[in-house]
Structures are given as structure tokens and as C-alpha cells.
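The values are calculated or read from the model by the stated rules, or taken from the named source; none is laboratory data. Note that this is a predicted model, so its numbers are computed, not measured. No Cβ is skipped: glycine too gets one built from the backbone with ideal geometry, and neighbour counts run over all protein chains shown.
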Amino acid sequence: MLDYVTSYLGMNTTPGQAGNVFWALIYILVVFAGVSVAVMAMNWLERKALAHFQIRLGPMRVGPHGLLQPIADAVKLMTKEDIIPAEADAFVFWIAPLIILCASFTVYIVIPFGPTHAITDLNIGVLFMLGVSSLSVLGVVMAGWASNSHYPLLGALRSSAQMISYEVAMGMAVVSAILMTSLNKTGTGTLSMIGIVEAQQQQQIWFLFKFFPFGFIAFAIFAIAMVAETNRAPFDLPEAESELTAGFHTEYSGLRWSLFMLGEYAAMIAVSSIAVTLWLGGWLRPFPNTLTGATWDLVFSLLPGFTFLGLALIAFIGVIRMPKHPYFRIQTMGLAGFAVVLGIIGLVLFIPPVRDRIQDIFWFVAKVAVFMYLYIWYRATFPRYRFDQLMRVGWKVLLPVAIGVLIMTAILGVVL
Amino acid sequence: MIPITTLHYLVTAAALFVLGVIGVLTRRNVVIVLMSIELILNAVNLNLVAFSRIWGLHGQVFAIFVITDAAAEAAVGLGILIAFFRNKETVNVDEVDLLKW
Amino acid sequence: MAPVATGFFFYFLSGLTLLGGILVITQKNPVHSALALILGLLSQAGLYLMLYAPFVAGVQIILYAGGIMVLFLFVIMLVSIERTQREEQFNKLWLVGLLSAGALGALFVLVYAKGTGLFPEGAAPPAESNNTQQVGQLLYGQYMFSFEIASLLLLVAIIGAVVMAKRRT
């Protein structure tokens with residue numbers, strides 16, 4: 001029993017490939033906890049960043065600078081009354097958020113945080129991710145239908161039509177990235193996520209810059225389609241409050257609505273991870289071959305520690321700028337404690353053994369965090385697309401451009 | 001426990017096929033009849049893939065073609081259903097009994 | 001890596017598939033039938049994985065469960081079938097249908113009882129690591145003509161469905 005547990009520790013593969021169920025469960029729990037924390041942090045960041053974009057402050061009261069606001073939101077949502085509309089189909093009403101949640105979270109099985117830091121490495125990894133993320137359309141359709149009310153039905157029809165339209169362009173963009181993995185000596189590509197990042201490492205170029213500008217155009221198509229796929233601004237007509245009174249999740253309140261929100265944010269992080277893996281080099285540090293050598297490796301490996309020390313510095317500046325009124329004493333102490341915790345994490349990340357192990361995970365998470373900030377930035381900046389404009393962009397603009405990029409990538413791959 | 005042989009998969013596929021045939025022959029709702037046809041196609045696919053484990057990948061390629069054709073057939077069948085529903089407001093197969101109205 | 005607990009997984013997945021099939025043909029509400037069919041399709045994708053066919057399993061999830069079933073649910077929602085739930089569900093000749101399906105099942109049982117041992121069981125299972133590459137080579141090499149015909153078929157189906165479902169103004 002014990003050597004079943006310890007036999008994995010010496011191996012150099014993912015737990016799924018090694019067949020070790022115990023360690024696979026540990027990895028699943030870690031990823032699940034990490035995604036839940038990331039969703040709460042994303043919730044806070046969205047409210048604060050949107051507020052600062054709109055020259056206001058956002059939540060400031062609940063914790064220092066609103067840091068405990070997600071916890072207050074979670075408590076509020078969990079204690080709300082659970083209302084099911086009359087004559088709504090109770091079973092389908094219950095199962096719709098669960099389908100979206102399960103579909104969004106199942107994608108995390110194949111996301112690689114490092115060369116061996118994934119739950120497993122299916123050799124149809126990309127196909128699996130595309131397929132499972134397309135199952136969330138079923139949850140949306142069922143949520144709209146089971147609410148027995150015309151606003152959710154219209155919102156669900158519009159939302160699901162939008163999602164399946166942009167899945168086509170997404171799939172085409174992904175295929176052109178998969179084509180680039182086959183440009184090695186043996187001429188065989190791979191669909192596995194870890195294999196794609198290793199192909200980028202072998203060809204010594206991120207697929208974003210390969211066959212410039214076609215890699216970039218494919219990435220841009222995927223980036224636009226993934227925003228539409230997750231029903232986020234500027235493609236959020238089906239769930240915008242001024243349009244259809246929150247669309248397919250109108251009749252959901254309390255904990256059920258929070259499941260929808262959790263599923264939506266988890267889907268955002270999942271498709272951003274796909275984009276990072278396919279085009280941005282996954283866990284590879286920037287400039288892996290133009291800036292080589294031991295000194296550059298050392299410089300780049302110090303960046304995680306400096307990031308957390310920078311965050312601690314910002315928190316300390318926030319502490320200094322807190323009002324000196326006695327009512328703010330608890331908030332000041334809380335923020336100072338948070339700054340100290342961030343500083344300790346930064347200092348721990350300077351220790352060489354930790355520093356070497358944390359590199360891959362840090363670069364992957366940093367790239368996904370950039371995408372998350374882009375999502376919030378889009379929401380603050382762009383006006384909403386009208387639904388017919390949305391469908392026109394999906395079918396008449398993105399799909400032809402994606403097919404064109406695929407053809408050009410294939411031609412350049414054969415010729416060059 | 002007896003090892004799982006190809007016969008186990010064939011028996012499952014046959015059971016699915018019989019269930020699909022029962023659905024097609026006994027239900028009145030057109031949508032459920034179309035879903036039973038999808039069950040029949042899935043049973044055939046399972047048979048193909050079960051045999052392809054022994055005799056090469058041709059079964060899997062043919063299963064992919066069957067899935068593609070099932071998609072086309074479902075689209076056309078549902079289009080016919082919508083066109084018919086618009087005229088006669090019913091989705092029952094035994095009320096489709098006039099050649100012209 | 002040797003397969004783990006194949007007996008348990010096979011009985012579980014095939015049980016789920018057959019349960020989905022039974023629920024499709026017996027449920028009164030078409031949306032519940034569609035949900036049961038989705039359950040059956042996903043467990044059938046699991047059966048494909050057990051048969052060393054990961055590409056077909058992925059295609060099944062994407063196309064069947066994520067595409068065709070969405071189409072079915074759209075049409076069910078548009079056709080507004082609430083009042084059909086209070087009507088008679090099974091048609092007048094349900095006994096004849098059941099008996100003929102039973103005869104078909106008896107035929108299957110007869111064929112499988114007499115026919116075991118006709119195909120080789122000891123063949124080595126195909127490699128899983130390059131299943132996608134080999135399926136791709138077959139699809140674009142030997143079956144290229146069928147592939148093009150299938151794409152033409154899909155085009156015809158799209159045009160036909162649009163023409164038929166359009167409102168004649």
C-alpha cells in the first residue's frame with residue numbers, strides 16, 4: 001500500500017500515465033482547490049478593475065480594499081432562498097448548472113502546468129478538451145428550457161446558437177496550431193497537450209510567432225472565439241442585464257446561480273489555458289533560445305519571487321495610504337498582515353530548490369493571468385455586439401479567415 | 001470473472017439495436033422516433049468498433065462515416081419535422097396520414 | 001501499461017448505455033429522453049475508449065453529444081411539446097411492434113449462440129499512441145473518395161434543412 005503511494009514519486013510522468021490512482025486524486029484535489037481560489041480572486045479582481053476603469057473605487061468596506069468581498073458574496077449566495085419556478089421541470093432545472101460545472105471542470109484533466117505537472121496526458125488531449133467544452137451548450141439549453149419562462153428561453157437559444165457558431169472557428173484555429181506540431185523530423189504531429197508544448201520547445205519558437213503572421217492570426221481568431229464561447233463581453237448579449245434580464249440564468253437564485261458563475265469563470269480559465277498551451281508556449285519561459293545561458297536562466301528564475309515581492313510592496317503602499325482614523329485600524333492591520341504573507345511567499349520563492357520546481361507552474365499561471373486581465377479589460381472597454389452582428393462575425397468573418405489561415409499554414413508547412 | 005471478449009460488446013450492441021427498434025415501432029412522438037434511430041446507428045457503430053479491435057482500423061474509419069451521416073440525417077429529419085409541425089401542429093406519427101391537404 | 005479493472009468498467013459503461021436506451025424509449029417527456037440519450041452516448045464514448053479507439057470516442061463526444069443532441073434539444077424547444085405529454089404515448093400497434101422486436105432479439109441470440117469462435121480472439125490489441133495518425137492516414141489515403149462524398153452529403157443536408165425549415169413567405 002505504502003509503496004503504491006511512494007512508487008510514483010520517483011517517476012517522471014503524469015499520474016494518469018503512470019496509472020497511479022491515488023496521486024491522480026491528489027492532483028485533482030489540488031487543481032480543484034486552485035481553480036476555486038482562482039475564481040474567487042477573479043471575482044474580486046473583476047469588480048475592482050471594472051471600478052477603476054470607470055473611475056470609481058469598487059468594494060472597499062468588506063475587507064481592506066474589498067479583499068474579503070468574494071467571501072461575503074459566497075455567504076450571501078449560500079444563504080439565499082432557493083426558488084424553483086412553478087411548473088418548471090425540477091429535474092432538468094437542477095441538473096443544468098451541474099452539467100455546465102462538470103463540463104467546465106473536466107477540461108482541467110489534461111491542462112499541463114509543466115512537463116509532468118498534469119493530471120494526465122491523453123493522446124487525444126486537444127480533441128477531448130474541445131469536445132467536453134462543447135458539452136456546456138447542453139447545460140445552457142436545458143437551463144433556459146427548464147425555467148418555463150420566455151426570457152430565459154430566448155436567452156438560452158441565443159446563447160447556445162452563439163456558442164456553437166464560435167466553436168467552429170475555434171476548432172479551425174486549433175487545427176492550424178496542430179498542423180504546426182507536425183513540422184519536425186519525423187513529420188508526425190500530436191494532439192496531446194504536453195506534446196504540443198514540447199513541439200514548441202523542439203522547434204524553438206512559440207507557435208504565436210511561427211509563419212508570421214499566420215500563427216498570430218490563428219491565435220487572434222482563437223482569442224476572439226474563446227471570448228464568445230464563454231459568453232463574455234463584448235459577446236454577452238444573452239446574459240446582459242439590460243437586454244434579456246440575465247438570459248438563461250434569470251430564474252436561478254442563490255447557490256444555483258453561483259454554480260453558473262463558477263462554471264463560467266472555470267470555463268474562462270480553461271479556454272485561456274488552451275490558448276496559452278497551443279500558441280504561447282505553455283510552461284516555457286520567454287525567449288528560451290535567444291537568451292540562453294546560465295545567467296539568463298538565473299534572471300528568469302528570480303522573477304516569481306520578485307513578482308510576489310512587488311505585490312507585497314503594493315500592499316504596503318496601500319497600508320501607508322490608509323486613513324489614520326481609529327475606525328480603520330482593523331483594516332490596516334489586516335492589509336499589513338496580507339502584505340507580510342505576500343512578502344513571505346516571495347522570499348520563499350527565492351530558495352533554490354523551490355525556485356527550480358516552481359518555474360513551469362509560475363510561467364503558465366502568469367500567462368493565464370494575463371488572459372484573465374484581458375477578459376476584464378474587454379468587458380470595461382468594448383460595447384456589446386447586437387445578436388445578428390455577433391452571428392455575422394462568427395460565420396462570415398472568423399470562419400473564412402480561419403480556413404484561409406489553415407490553408408496558408410499547410411502550404412507554408414510543406415514549402416518551408 | 002470471465003475476461004471481456006468481443007462477444008460482450010456485440011451483445012451490448014444487439015441489445016441497443018433491439019431497444020432502438022422497439023422505440024421506432026411503438027412510439028408516437030416523431031422526435032423520440034428520431035432518437036431511437038440514433039440509438040440504432042450507435043449500436044451499429046459499437047459493432048464496427050468492436051470488430052475493428054481484431055481486424056484493423058477500417059471499422060473505426062467507417063464508424064466515423066456513420067457518425068457523419070447520422071448528423072446529416074438528423075438535421076434533415078428535424079427540418080422535415082419543423083416544416084410539418086408548422087402546417088399541422090402535431091408531432092405524432094400516426095396523424096401524418098394524408099398525402100395532400 | 002496493462003488495462004485496469006476492465007470487467008468493472010465494461011459492465012458499468014454498458015449498463016449505463018442500456019439504461020440510457022431504455023429511458024429514451026420509455027420517457028413521456030421528450031427532453032428527458034434527450035437527456036437519457038446524452039447519457040447513453042457519453043457512456044458509449046467510454047466503451048469506445050475501452051476498445052482502443054480514442055479518436056472515435058472524441059468524435060462521438062464532439063459530434064454526437066455536443067452537436068446532434070444540441071440540434072435535438074433546439075427542435076424540442078421550438079416545437080413546444082408540453083401538450084403532447086398528456087396524449088397517448090404508445091401507438092395502437094404497440095404489441096405487434098414489441099413482438100417483432102422480440103423476434104429480432106431472438107434472431108440475434110440464435111446467431112450469437114451458434115457463431116462464437118468464428119473470429120480470432122487472441123489478436124494483439126492495436127497500439128493506442130498513434131491511433132489518430134493511423135486513422136488519419138486511412139481516412140485521407142484509402143478512403144479519400146468516401147471522405148469527399150461525405151462532405152458533399154453534409155453540404156446537401158445543410159442546404160436541404162435550411163430550405164425545408166424556412167418559412168415560405
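Couple of notes before you dig in:
- Pick from segment B:1-30, criterion hydrophobic (A, V, I, L, M, F, W, C) and more than 7 Å from chain C (Cβ to nearest Cβ), ranking: surrounded by the fewest Cβ atoms within 10 Å (Cβ to Cβ): B:2
- Yes/no for residue B:81 being at pLDDT 95 or above and in a helix (DSSP H, G or I): no
- Given (1) at the interface with another protein chain (Cβ under 7 Å from one of its Cβ atoms); (2) in contact with a Lys or Arg (Cβ under 6 Å, 6 or more places away or on another chain), number of the condition residue B:33 does not satisfy: (1)
- Residue in segment A:141-157 that is closer than 28 Å to residue A:213 by Cα and either over 18 Å from the mean Cα position of the chain (by Cα) or more than 8 Å from chain C (Cβ to nearest Cβ) (or both) present: no
- Test: residue in segment A:112-123 that is small (Gly, Ala, Ser) and more than 14 Å from chain C (Cβ to nearest Cβ): yes
- Residue in segment C:135-146 that is in contact with a Phe, Trp or Tyr (Cβ under 7 Å, 6 or more places away or on another chain) and either part of a loop (DSSP other than H, G, I, E, B) or of a type in the set (Val, Ile, Thr) (or both) present: yes
- Residue within segment C:88-95 that is among the aliphatic types (A, V, I, L, M) and outside the structural domain of residue C:6 (by TED's automatic domain parsing) present: yes
- Lone qualifier among A:181, A:188 - being closer than 30 Å to residue A:411 by Cβ and facing another protein chain (nearest Cβ under 9 Å): A:188
Residue by residue, here is whether (1) modelled with pLDDT of 90 or more; (2) in the same structural domain as residue A:389 (by TED's automatic domain parsing); (3) assigned to a helix (DSSP H, G or I) holds:
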| residue | (1), (2), (3) |
| --- | --- |
| A:202 | no, yes, yes |
| A:205 | no, yes, no |
| A:210 | no, yes, no |
| A:219 | yes, yes, yes |
| A:224 | yes, yes, yes |
| A:228 | yes, yes, yes |
| A:234 | no, yes, no |
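- Cβ-Cβ under 9 Å pairs, at least 6 apart or on other chains, segment A:250-263 side assigned by TED's automatic domain parsing to the domain that holds residue A:40 and in contact (Cβ under 8 Å) with a residue 24 or more places away in the chain, far side among the basic types (Lys, Arg) and in a helix (DSSP H, G or I): A:254/A:76
- One residue stands out among those in segment C:29-41 that are touching a residue at least 24 places away in the same chain (Cβ under 8 Å) and more than 9 Å from chain B (Cβ to nearest Cβ): the one that is nearest to residue C:94 (Cα to Cα), which is C:29.
- Test: residue B:44 is modelled with pLDDT of 90 or more, surrounded by fewer than 19 Cβ atoms within 10 Å (Cβ to Cβ), within 17 Å of residue C:41 (Cβ to Cβ) and not polar (S, T, N, Q): yes
- Failed item, numbered, when residue C:22 is tested on (1) within 7 Å of another protein chain (Cβ to nearest Cβ); (2) over 15 Å from the mean Cα position of the chain (by Cα): (2)
- Taking segment C:104-125 as the range and being modelled with pLDDT of 70 or more and either surrounded by fewer than 10 Cβ atoms within 10 Å (Cβ to Cβ) or in a loop (DSSP other than H, G, I, E, B) (or both) as the test, the residues that pass are C:113, C:114.
- Pairs, first within 17 Å of residue C:56 (Cβ to Cβ) in segment C:138-149, second outside any helix (DSSP H, G or I), C-beta under 7 Å, six or more apart: C:138/B:57
- Of the listed requirements (1) facing chain B (nearest Cβ under 7 Å); (2) out of contact with any Ser or Thr (no Cβ under 9 Å at 6 or more places or on another chain), residue C:57 misses just one: (1).
- So residue B:38, is it in a helix (DSSP H, G or I), modelled with pLDDT of 85 or more, under 12 Å from the mean Cα position of the chain (by Cα) and at the interface with another protein chain (Cβ under 7 Å from one of its Cβ atoms): yes
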